[in-house]
Amino acid sequence: MTTINTTNYIAANAGSMILGPFIQSFSELSLAIYLFATTLFELIRNLGEVGVDREKLKVKTGLNLEEIDSVITIAKKSFQNAEFSTFSYHGRIVACKKGKGIFISNALVGEGSYKKVYSGVIFDFNGSIKEKALIVTKDKEIVNEKRIVKEIHSKDVAKLGKLMGKVDDVWYYLGPLWGSDATKVVGDKNKIRALLGAARSLASMHEKGFIHGDVKPENILVKYAKNKFTVLQAALGDLGLTKRQAEIEALDGGTAIYSPPECFKVDNEGDYTKADMWSFGVTLYELMCSNRPLFIEEKWPTDEIPLKAERFLARLSRLQQQDVDKCFRLFPAMDLSPKAHNQLKELIVNLLQIDPSKRMSAKEAVDCLTSILNS
Ligand SMILES: Nc1ncnc2c1ncn2[C@@H]1O[C@H](COP(=O)(O)OP(=O)(O)O)[C@@H](O)[C@H]1O
Ligand SMILES: [Mg+2]
């Protein structure tokens, strides 16, 4: 595809005006007419795309100019038929919303049990190009998640973004793009920063009466500094299982290995904020010790036989302290001072208390992690 633009057009015309008196032959005249016609055609074609910086889009999407033009052409056609539409272009998801812009994905950055999350750029014809996350799901719980994030209305949780549209029972949300989740964070201090962000999210949610219900490393989102290494900001995302404390009848759901031991007790009423704090304890252990707690079995007992549950809890209690000691010997947090290292170990023990009433609160965990980071 030719890439003659307005500048070329002016240059070509100026050229033909200057060269005009010198055009001697018929072939030179036809060349001048041809140049004039093609540049005029390009000018008209580009008028519909005023402001789209295709060079910038090329860098941000990794597509070449021809491919970008093809995407724009298909998107423009789709605007004639629908407010919102999507299509796949060479394996990229493209989502088009009338009046909003065209999103072109460049990578699948995350996938959970319900959602697929793509990084990419959205651009319109006023020159705006923004990096965003496109969240795609078939799960209708997304509507509940959106409502809850709105109700919490706090900068301490990762926002889902705005609904872009829905096609064939698939929802498309456009939200802020985070750097990664906590599973990919490297370095003890960075991990503490990620955990501190998550603890702040929990403190804020608990204060407002919400239980996250699915705390785990994959659900902590982090943003990096320009050096792409230092964690600048972190918060809990994925509020798909979040409920109001008052609405919970019994603990269930969540990811089994992060679920608290009281989950399988028949009578598990009480302060459900502490269920989140157990999951936070397992998350902290996993991130800092590069291993899951040894006493956490892949499968919790599923039957609700009280005697079996009591025996299980007693065994858990015995194993817990030995396990934390062992793990800290095997995986010492290298970048931390001896004082911080001890504080961290104490924190894990205080979070992984079998008795929920003895478990640390989110607010206390925020203070503790702040002190660890500063010592
Ligand atoms: N806004 C975002 N920016 C970057 N990555 C994200 C974003 N939201 C989610 N992710 C990634 O996508 C994964 C799945 O998203 P999540 O909301 O946890 O979905 P699910 O409900 O399916 O678990 C996360 O674990 C994370 O790695
Ligand atoms: Mg998730």
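Restricting attention to the range 94-110, the residues that are more than 16 Å from LYS58 (Cα to Cα) and either within 16 Å of ligand 2 (Cβ to nearest atom) or touching a Gly at 6+ places or on another chain (Cβ under 8 Å) (or both) add up to 5.
Looking only at the range 85-92, decide whether some residue is out of contact with any Cys (no Cβ under 9 Å at 6 or more places or on another chain) and surrounded by 13 or more Cβ atoms within 10 Å (Cβ to Cβ). Scanning the range 85-92 turns up at least one residue that is out of contact with any Cys (no Cβ under 9 Å at 6 or more places or on another chain) and surrounded by 13 or more Cβ atoms within 10 Å (Cβ to Cβ). Selection of the range 216-241 for residues being buried (at least 22 other Cβ atoms within 10 Å of the Cβ) and closer than 20 Å to VAL143 by Cα yields ASN219, LEU236, GLY237, ASP238, LEU239, GLY240. When we screen LEU294, LEU251, LEU195, LEU241 for residues that are at pLDDT below 95 and under 26 Å from PRO332 (Cβ atoms), the only hit is LEU294.
LYS138: exposed (fewer than 14 other Cβ atoms within 10 Å of the Cβ) and of a type outside the set (S, T, N, Q), yes or no? Steps first, answer last, please.
On the way: exposed (fewer than 14 other Cβ atoms within 10 Å of the Cβ): yes; of a type outside the set (S, T, N, Q): yes.
Spelling it out, LYS138 is indeed exposed (fewer than 14 other Cβ atoms within 10 Å of the Cβ) and of a type outside the set (S, T, N, Q).
Among residues belonging to the range 24-59 that are of a type in the set (Gly, Ala, Ser) and farther than 30 Å from ASN126 by Cβ, point out the one that is modelled with the lowest pLDDT.
Restricting to residues being of a type in the set (Gly, Ala, Ser) and farther than 30 Å from ASN126 by Cβ, the top hit is SER25.
Comparison of ILE72, ILE68 shows that the only residue that is in contact with a helix residue (DSSP H, G or I) (Cβ under 6 Å, 6 or more places away or on another chain), away from ligand 2 (no atom under 16 Å from the Cβ), farther than 22 Å from MET205 by Cβ and not assigned by TED's automatic domain parsing to the domain that holds ALA198 is ILE68.
Is it the case that some residue within the range 176-184 is over 17 Å from the mean Cα position of the chain (by Cα) and modelled with pLDDT of 95 or more? Within the range 176-184 (the criterion being over 17 Å from the mean Cα position of the chain (by Cα) and modelled with pLDDT of 95 or more), the answer is no, since none of the residues qualifies.
Within the range 220-234, identify whether any single residue is at positive phi and modelled with pLDDT under 95, and answer yes or no. Yes: one or more hits. Filtering the range 111-131 down to residues that are of a type in the set (D, E, K, R) and within 15 Å of ligand 2 (Cβ to nearest atom), which residue is farthest from LYS97 (Cα to Cα)? Result: GLU111.
Checked against the criterion of being in contact with a helix residue (DSSP H, G or I) (Cβ under 7 Å, 6 or more places away or on another chain) and away from ligand 1 (no atom under 11 Å from the Cβ), the range 137-147 contains not a single residue that satisfies it. Of the residues LYS98, LYS130, the single one that is within 29 Å of THR183 (Cβ to Cβ), free of Cβ contacts under 8 Å to residues at least 24 places away in the same chain and not assigned by TED's automatic domain parsing to the domain that holds MET205 is LYS130. Tell me, yes or no, whether the range 334-356 has at least one residue that is surrounded by fewer than 16 Cβ atoms within 10 Å (Cβ to Cβ), within 28 Å of the chain's Cα centre (by Cα) and in contact (Cβ under 8 Å) with a residue 12 or more places away in the chain. Yes: one or more hits.
Here's the yes/no breakdown for (1) within 16 Å of ligand 1 (Cβ to nearest atom); (2) assigned by TED's automatic domain parsing to the domain that holds LYS191; (3) more than 18 Å from THR183 (Cβ to Cβ):
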site	(1), (2), (3)
LYS208	no, yes, yes
HIS212	yes, yes, no
VAL215	yes, yes, no
LYS226	no, yes, yes
LEU239	yes, yes, yes
ILE257	yes, yes, no
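The values are calculated or read from the model by the stated rules, or taken from the named source; none is laboratory data. Source: prediction; values computed, not measured. Glycine gets a Cβ as well: all are built from the backbone with ideal geometry, and neighbour counts include every protein chain shown.
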